[in-house]
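Enquirer: Here it is, the structure, as structure tokens.
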Amino acid sequence: MLDNALRTVLLQAARSPGVRTVVERAPGSRAVVRRFVPGTGSEHAVEASRDLLAGGVRVTVDHLGEDTTDRARADAVRDAYTALLGRLADAGLTADGAVEVSVKLSAVGQALGPDGPAVATAAAHAICEAAAAAGTTVTLDMEDHTTTDATLETLRTLRADFPWVGAVLQAYLRRTEGDCRDLATAGSRVRLCKGAYDEPASVAFQDKHEVDRSYVRCLTVLMAGPGYPMVATHDPRLIDIAGALAVRHGRGQGGYEFQMLYGVRPDEQRRLAATGETVRVYLPYGQDWYGYFMRRLAERPANVGFFLRSLMTRG
Ligand code: FDA
């Protein structure tokens, strides 16, 4: 109950420019953020990717940014992605999709008024071309529920040229079981997560157990279908259930993958990889870490205590 209230406050703060200024300027912020975001430049992303690959896990890199409100910024994010893909390829990290990228469509213009979805689709198309040249793939992150239809429409458009583009579906949304059925097709890469935004009860389950039950129903659909499920969770029970569902549906290791966030349960990431599972780590980098960081705090109240203590000791 208290956790839910704290989560709502933190997720609202994630969209508040005032709180953003305070958190960004707090002296201890950087050190805490570094747990989840290894650096601000593409060189940090390349270096961290190399380390993760050496540790036996694959990577999806996110150039941080969201809710872009001007065209120049959207174009700059698109260009940052194409440059990043070039650097990753030059470093020999992209072969066979070992390191791919994740893209938030709002960062490349989806929210720029009526033309926004078209601007974002064109930008994502350019990023997919760069990924294809690098021999790797792209996954479209999913943002709040007002963007779901537009994001799935962009996905359909991109898949006509790049059938390997991955989608994300959020188990907390009531619609998602149906979306899983639509996307559980041959060649379709679907990342299933719980969902990280503050959503109303009209569209999303509010109770944690209901979200977990929805996750299992959605995962069952994905595991039973001919697509490629990407199981994005740190939840030990859901990880076990995913393994059992894979066995029940005759999927060997490599027929699906686990995904976790950089800095969250790294021991479990390594443990799963050591058992032969495919594990991919979501690796964010960039200056625009505020929204991403606040969502990580909202996921785990213990992180808030850690953050506040660090501000007090360093401030
Ligand atoms: P849950 O939050 O119940 O956590 C289970 C356990 O994991 C916790 O008890 C704790 O031990 C550990 N844990 C989880 N989060 C932690 C944290 N921040 N810090 C420390 N420990 C933590 N969401 C979205 O809306 N759109 C998207 O595109 C994506 N993309 C995405 C990619 C990948 C690879 C992952 C792993 C997650 C996302 N998410 C996302 C985020 C997702 O929706 C969800 O908010 C988080 O994964 C947390 O949910 P869990 O399934 O881990 O369960």
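Enquirer: Does any residue of the stretch 285-293 turn out to be touching a residue at least 24 places away in the same chain (Cβ under 8 Å) and on the phi > 0 side of the Ramachandran plot? Let's see the steps before the verdict.
Expert: Of the residues in the stretch 285-293, the ones touching a residue at least 24 places away in the same chain (Cβ under 8 Å) are 285-293.
In the following step, the residues that additionally are on the phi > 0 side of the Ramachandran plot were identified as 286.
Within the stretch 285-293, one or more residues are touching a residue at least 24 places away in the same chain (Cβ under 8 Å) and on the phi > 0 side of the Ramachandran plot.
Enquirer: Next question. Please determine whether any residue of the stretch 210-224 is in a loop (DSSP other than H, G, I, E, B), out of contact with any strand residue (DSSP E or B) (no Cβ under 6 Å at 6 or more places or on another chain) and at negative phi. Give the steps one after another, and end with the answer.
Expert: Initially, the stretch 210-224 is screened for residues in a loop (DSSP other than H, G, I, E, B), giving none.
Taking every residue of the stretch 210-224 in turn, none turns out to be in a loop (DSSP other than H, G, I, E, B), out of contact with any strand residue (DSSP E or B) (no Cβ under 6 Å at 6 or more places or on another chain) and at negative phi.
Enquirer: Another one. State all residues of the stretch 256-315 that are under 27 Å from Tyr81 (Cα atoms) and surrounded by fewer than 14 Cβ atoms within 10 Å (Cβ to Cβ); if no residue qualifies, say none.
Expert: Of everything in the stretch 256-315, just one residue is under 27 Å from Tyr81 (Cα atoms) and surrounded by fewer than 14 Cβ atoms within 10 Å (Cβ to Cβ), namely Gln287.
Enquirer: Now for a separate question. Got at least one residue in the stretch 30-46 being over 30 Å from Ala134 (Cα atoms) and among the hydroxyl-bearing types (Ser, Thr, Tyr)?
Expert: Scanning the stretch 30-46, I find no residue that is over 30 Å from Ala134 (Cα atoms) and among the hydroxyl-bearing types (Ser, Thr, Tyr), so the answer is no.
Enquirer: Moving to a separate point now. Would you please list the contacts, defined by Cβ atoms under 7 Å and residues six or more apart or on different chains, that run from a residue in the stretch 112-141 that is over 16 Å from Val101 (Cα atoms) to a residue that is aliphatic (A, V, I, L, M) and assigned to a loop (DSSP other than H, G, I, E, B)?
Expert: Matching pairs, first to second residue: Val119/Leu112.
Enquirer: Can you pull out every residue in the stretch 272-289 that is within 14 Å of the ligand (Cβ to nearest atom) and either more than 23 Å from Asp141 (Cα to Cα) or assigned to a helix (DSSP H, G or I) (or both)?
Expert: Leu272
Enquirer: Name every residue in the stretch 120-165 that is hydrophobic (A, V, I, L, M, F, W, C) and closer than 22 Å to Thr69 by Cα, in order of residue number. Steps first, please.
Expert: The first filter runs over the stretch 120-165 and keeps only residues hydrophobic (A, V, I, L, M, F, W, C), leaving 120, 122-124, 126-128, 130-134, 138, 140, 142, 150, 152, 155, 158, 160, 162, 164-165.
Listed by number, the residues that qualify are Ala120, Ala122, Ala123, Ala124, Ala126, Ile127, Leu140, Met142, Ala150, Leu152, Leu155.
Enquirer: If you go through the stretch 174-195 one residue at a time, do you hit one that is polar (S, T, N, Q) and surrounded by 19 or more Cβ atoms within 10 Å (Cβ to Cβ)?
Expert: Yes - at least one qualifying residue is present in the stretch 174-195.
Enquirer: So which residues in the stretch 38-89 are among the β-branched types (Val, Ile, Thr), in contact with a Leu (Cβ under 9 Å, 6 or more places away or on another chain) and closer than 15 Å to Asp288 by Cα?
Expert: Thr40, Val61, Thr68, Thr69
Enquirer: Turning to a different aspect of this structure: So, in the stretch 68-83, how many residues would count as being among the basic types (Lys, Arg) and under 15 Å from Tyr285 (Cβ atoms)? Quick ask: steps written out before the conclusion?
Expert: Filtering the stretch 68-83 for residues among the basic types (Lys, Arg) gives 71, 73, 78.
Those left that are additionally under 15 Å from Tyr285 (Cβ atoms): none.
The total comes to 0.
Read-outs: derived from the displayed coordinates by stated rules, not from any lab. Values in this document were obtained by computation on a predicted structure and should not be read as measured data. Glycine gets a Cβ as well: all are built from the backbone with ideal geometry, and neighbour counts include every protein chain shown.
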